[in-house]
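Have a look at the structure below before the remarks.
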Amino acid sequence: MWRQVRIAILLLLLGVAAYSNWYDRLSTTDWDETLYVGVFPVAEADTPAARDYVSRLSEDRIADIEQFLNEEARNFGIDIARPVSVELYPPVDERPPERAADAGILQNMWWSLKVRMYARRAVRSSGRPTPQIRIFVIYHDPTFTKAVPHSVGMQKGLVGVVHAFADAGMTRTNNVVIAHEILHTLGASDKYDPQTLAPMFPIGYAEPERNPLYPQSFAEIMAGRYAVDARTFEIPESLDRAVVGETTALELRWLRL
Ligand SMILES: [Zn+2]
């Protein structure tokens, strides 16, 4: 008897989770009203540079993210006035739960659950309305951190954790990563080879039909890099050098077959 009750409860929970993921997917990619994205800055460590950078962040520092997403949406025929709104929220003192670099499937599931609970707390303490997508940007002090952990954007839970640099000269590159992770939460997939970081051809190329093919001068946003030649891949210095390709547009339901 108890066994059956337990199984029934488990099935119910799984059903609710499946329904809410399906609902999130549809409601964030129907493009008939503005989608709200909140960017929550977090200082990685208590260093003056990280704290200073986060406290000085202002809306205009991240404005090119919304501009980029809306321009690209318009290019694919989304015709509402403001498809995406990207707003800066006040800095969050608590840091997001850390993910082990070698985490397995179960550990990753547990981590993503903890991140969702963290996101709820952070929004509640901001005292502002809950945005549909919540992106936590952890700013690392570049004097202490040369390489940052992988950023993550999750469609399940509509949450992203981005690792960025607390350096004024890196602001525009940071925004490329933030835009990439926002698009992950909306169902866009990576378009690069994880081993070599090479953009996948043709779906990870901004101009796959260009002749000659190299050098490419724009990056497909989900490829993250553009190919200067067959072996050299560069990170775009700003979103001015990024585009949304057709495959990504299909995933975002900007294009429909
Ligand atoms: Zn990615």
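Going by how many other beta carbons lie within 10 Å of each one, how would you line up TYR214, TYR118, TYR19, fewest first? Show your work: numbers first, answer last.
Details: TYR214 13, TYR118 19, TYR19 10.
Starting with the residue having the fewest Cβ neighbours, the order is TYR19, TYR214, TYR118.
In the P(r) worked out for region 108-257, what percent of Cα pairs fall beyond 20 Å?
The answer is 54 percent, as a whole percent.
Tell me, what are the semi-axes, in whole angstrom and largest first, of the equivalent ellipsoid of region 23-116 as set by the roots of 5 times the Cα gyration tensor eigenvalues? Don't skip to the answer; put the middle values down first.
Details: eigenvalues 167, 99, 21 Å².
Working from the Cα gyration tensor, I get semi-axes of 29, 22, 10 Å.
Rounded to the nearest whole Å³, what is the per residue volume of the convex hull around the Cα atoms of the chain?
156 Å³
In what sequence do ILE80, ILE133, ILE105 fall when counting other Cβ within 10 Å, fewest first? Display every interim value, and only then the final one.
Numbers: ILE80 14, ILE133 23, ILE105 7.
By the 10 Å Cβ count, ascending: ILE105, ILE80, ILE133.
Express as a percent, rounded to the nearest 5, the fraction of DSSP beta bridges in region 67-198 (both residues included) that run antiparallel.
Here the share of antiparallel DSSP bridges comes out near 30 percent.
In nm, what is the difference between 0.36 nm times the number of residues separating ASP102 and ARG210 and their Cα-Cα distance?
35.0 nm
How many angstrom separate the Cα center of region 151-209 from the Cα center of region 16-74?
Here the two parts' Cα centres lie 13 Å apart.
In the chain, once you exclude exposed GluC sites (Glu not before Pro) (DSSP loop, at most 16 other Cβ within 10 angstrom), what's the longest stretch remaining?
In short, 99-208.
Taking only the alpha-carbon atoms of region 170-240, what semi-axes of the equivalent ellipsoid follow from 5 times the gyration tensor eigenvalues under a square root, in whole Å, largest first?
19, 14, 11
Between TYR192 and residues 5 or more places away or on another chain, which pairs have amide H atoms under 5 Å apart, with H built 1.01 Å from N, and which residues are they?
MET200
Specify the longest stretch of the chain that does not include any exposed loop site, a site being one of the trypsin sites (Lys or Arg not before Pro) with a non-H, G, I, E, B DSSP assignment and at most 13 other Cβ atoms within 10 Å.
In short, 1-145.
Out of every Cα pair in region 95-181, what percent are spaced more than 19 Å from each other? Mind showing how you got there, number by number?
Numbers: 1564 of 3741 pairs.
Value for region 95-181: 42 percent of Cα pairs lie more than 19 Å apart.
At 7 Å along Cα-to-Cβ for each site, give me the label-to-label distance between MET1 and PHE218 in nm.
With each label point 7 Å from Cα toward Cβ, the separation is 6.7 nm.
Each value in this text was obtained by applying a stated rule to the coordinates, not by laboratory testing. Since we're looking at a predicted model, the values are computed, not measured. Reconstructed Cβ throughout: ideal geometry from the backbone, glycine too, with neighbour counts over all protein chains shown.
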